[in-house]
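In what follows, a single structure is set out as structure tokens and then discussed.
Taken together, the values in this text are just the output of simple stated rules run on the coordinates, not laboratory data. Being a predicted model, the structure only gives us computed values, none of them experimental. Cβ placement follows ideal geometry from the backbone for every residue including glycine, while neighbour counts extend to all protein chains displayed.
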Amino acid sequence: MNDIPSSPDNSQSRDGRPGAAQPHADRPDIDRPGADDPDTRDPGVDRPGADDPGAGDPDAYYPDDDYPGAEQVEEVRRIVEQSSRILVLTGAGISTESGIPDFRGPNGVWTKDPDAEKYSTIEYYMNDENLRIRGWSRRVDNPTWGAEPNTGHQAVVALERSGKVHLLVTQNVDGLHLEAGSDPERVVEIHGSVRGAMCTSCVWRGEISDVLDRVRAGEADPRCEVCGGILKSTTIFFGEQLVEADLQRSYDAAGECDLILAVGTSLSVYPVAALVPHAVNTGAKLVILNAEETPFDLQADAVLRGSIGEILPQLLP
Ligand SMILES: [Zn+2]
């Protein structure tokens, strides 16, 4: 068993969030444009679904000079065709076309309501009943419930059915890969999922929809029906550890894949971003499809910018 370079035990940032430590610590020698931009170093980007600060800006999808031409798309299509064990890594950018808001963009959830971050911070959540009550009420109206998978999610399913996907690791908590039909056996939701519910005191787990039905029926802060404990969604909150088995499985897959295909992620969230150098160092090719630059663009065999929903289907073999 390999050591995970940024396992949950040593990846806590100063403020204790999962996986936030030292976004560029493993590449101190790379003088990357924008590396001094406070936004790109902000540990606050490291949370489920929030790793793509510009994902909410439609203009960001079409930078003038970077939109891939047919030749570049064809080159990547060939790389995909020649691969047989692909690790697909996805982030918020693949879900923005499904209408899932990002967290830190101009219209982001946290930009509009700075207090919202507290709803996903375990310490506040466990100790503040009023916060939980507001949190459940917001959850009832979560835009995720009306969101449909888009052509990007469907392209990942098609790639999977071609037999080429070794593992799909997503940083998204919206559950849209599974909704689209990705095989649950091949999906790791590394930051958890909004679609599940769990008890913080016992082993009970269930569907969030059942808990939300209880909220709609008048229970402002529904408790575990087994033990009376506080319930929460199965997303990984700030202050909680990532699931060790999921991390290990992702890291192992990075070491075994022949292509890492990073889609809609700024690759600034650790420990997930550590999968990229691990895969590249063990001989895998790297293709990045993202609206903005990432710290790994220089190491990539190809970088594509543009609409994920438009480009990803064109990469299918
Ligand atoms: Zn319980």
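In order along region 165-182, the phi-based Karplus estimate (6.51 cos²θ - 1.76 cosθ + 1.60, θ = phi - 60°) of 3J(HN,Hα) comes to 8, 7, 7, 10, 10, 10, 8, 7, 10, 7, x, 6, 5, 5, 4, 6, x, 5 Hz; Gly and Pro are listed as x. Short-range pairs are left out: with C-alpha atoms under 8 Å and at least six residues apart, the relative contact order of region 195-288 is 23 percent. The distance between label points at E256 and T200 comes to 3.6 nm (points 7 Å beyond Cα on the Cα→Cβ vector).
Each residue, D301 and D128, gets one label point 7 Å from its Cα in the Cβ direction; the gap between the two is 4.8 nm. Contact order, relative form, for region 152-193: 47 percent (alpha carbon pairs under 8 Å, 6 or more residues apart, mean separation divided by residue count). Subtracting the Cα-Cα distance of S137 and Q72 from their residue separation scaled by 0.36 nm leaves 18.8 nm.
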